[in-house]
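To keep things clear, I will list the structure first and then write my remarks on it.
The values are calculated or read from the model by the stated rules, or taken from the named source; none is laboratory data. Treat the numbers as computed from the prediction; the structure is a model and nothing was measured. Virtual Cβ from ideal backbone geometry, glycine too; neighbours counted across all protein chains shown. Surface accessibility is based on the protein's heavy atoms, side chains included, excluding ligands, DNA and RNA. Shrake-Rupley method; radii C 1.70, N 1.55, O 1.52, S 1.80 Å.
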Amino acid sequence: MKTILVASGTSDNKRKAAVEFIQHYLTEKGLEVAVIGKSIYEVTTIEPEIDAVVSIGQLSIQPNVPVIDGTPFITSFGRENCCDSLIEAL
């Protein structure tokens, strides 16, 4: 199972919507994933179990895992493409 962190500087509702969309999309594609959400301001380290980060905003750290631009979750355009990029990165 892969673990994905959604780090968002936007509202809790946007973060929750992104987590749910990614979880549903990747599960539909046959991937076993756990998707967790955190405020981007709380992300000071990346836990060892995290396999990729979807960043909705500017991270203050340089993770050693793939980082996917999560801007589509603000605009609601291109969310599927964002998830496809995430799948490729995993």
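Under the Karplus relation 6.51 cos²θ - 1.76 cosθ + 1.60, θ = phi - 60°, what is the ordered set of whole-Hz ³J(HN,Hα) values for the stretch 35-48, x standing for Gly and Pro?
Coupling constants for the stretch 35-48: 10, 10, x, 9, 5, 4, 6, 8, 8, 10, 8, 10, 5, x Hz.
Ignoring everything except DSSP H segments at least 4 long, calculate the 222 nm mean residue ellipticity for the chain; use -39,500 (n - 2.57) per segment, divide by total residues, nearest 500. Mind showing how you got there, number by number?
Numbers: 3 runs with 32 residues, N = 90.
Calculated at 222 nm, the ellipticity per residue is -10500 deg cm²/dmol.
Distances over 22 Å make up what percent of all Cα-Cα pairs in the chain?
Every Cα pair in the chain considered, those over 22 Å come to 15 percent.
At a Förster radius of 25 Å, what calculated FRET efficiency corresponds to the Cβ-Cβ distance of Glu20 and Glu88, to the nearest 0.05?
0.75
May I ask you to give the percent of accessible area on the chain that is carbon plus sulfur, with a probe radius of 1.4 Å?
49 percent
Would you calculate the separation in nanometres between label points at Ala34 and Ser11, each defined as 7 Å from the Cα along the Cα-to-beta-carbon direction?
2.9 nm
Using a cut-off of 19 Å between alpha-carbon atoms, which aspartates and glutamates can reach Lys14, once sequence neighbours fewer than 8 places away in the same chain are excluded?
Lys14 reaches Glu42, Asp69, Glu80.
Per residue, how large is the accessible surface of the chain? Use a 1.4 angstrom probe and give square angstrom.
58 Å²
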